[in-house]
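Some notes on the structure that comes next.
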Amino acid sequence: MLYAFITLIALSLFLLLFSFLKETKIQSVEKQLEHLSLTVLQDQYQTTKRLDLLEEALLSDEDPDTATHSAHANALPPNQQHLHKEDVKRLLSVQGVNRHE
């Protein structure tokens, strides 16, 4: 009887310690949320940077071909480096940006 009592106490202590060390569902959801928020912030930063480059290309008086090869154009992905000025104007007009702002 004594051995059964000692075994049950040891087992209960082990399970109690295990429950504190085990990662809960809430902790995993918190990690996923943190990762998601960092990803959203990175995407927002990249989008803002690309929008600034598009506005600069629109407002500059340079030729669109030379504007896309400027130092800032390297930040855009290759598929977005050859935007024509009309495309940039259309993108900015959709967002409500005035050329003279």
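The values are calculated or read from the model by the stated rules, or taken from the named source; none is laboratory data. These numbers come from a predicted model, not from an experiment. Reconstructed Cβ throughout: ideal geometry from the backbone, glycine too, with neighbour counts over all protein chains shown. When the accessible area is computed, the model is the full protein with side chains, heavy atoms only, and any ligands, DNA or RNA have been set aside. Shrake-Rupley method; radii C 1.70, N 1.55, O 1.52, S 1.80 Å.
The set of residues from the range 13-36 being acidic (Asp, Glu) and surrounded by fewer than 10 Cβ atoms within 10 Å (Cβ to Cβ) comprises just one member, GLU23. Within the range 39-61, the set of residues being modelled with pLDDT of 90 or more and open to solvent by 90 Å² or more (accessible area, probe 1.4 Å) comprises LEU41, GLN42, GLN44, TYR45. What about ILE9, is it over 24 Å from VAL94 (Cβ atoms), at pLDDT below 95 and either open to solvent by 90 Å² or more (accessible area, probe 1.4 Å) or assigned to a helix (DSSP H, G or I) (or both)? It is false that ILE9 is over 24 Å from VAL94 (Cβ atoms), at pLDDT below 95 and either open to solvent by 90 Å² or more (accessible area, probe 1.4 Å) or assigned to a helix (DSSP H, G or I) (or both).
A Cβ distance below 6 Å, combined with a sequence gap of six or more or placement on separate chains, defines the contacts here; from the range 31-54, residues that are part of a helix (DSSP H, G or I) reach no residue that is at pLDDT below 95 and of a type in the set (Lys, Arg).
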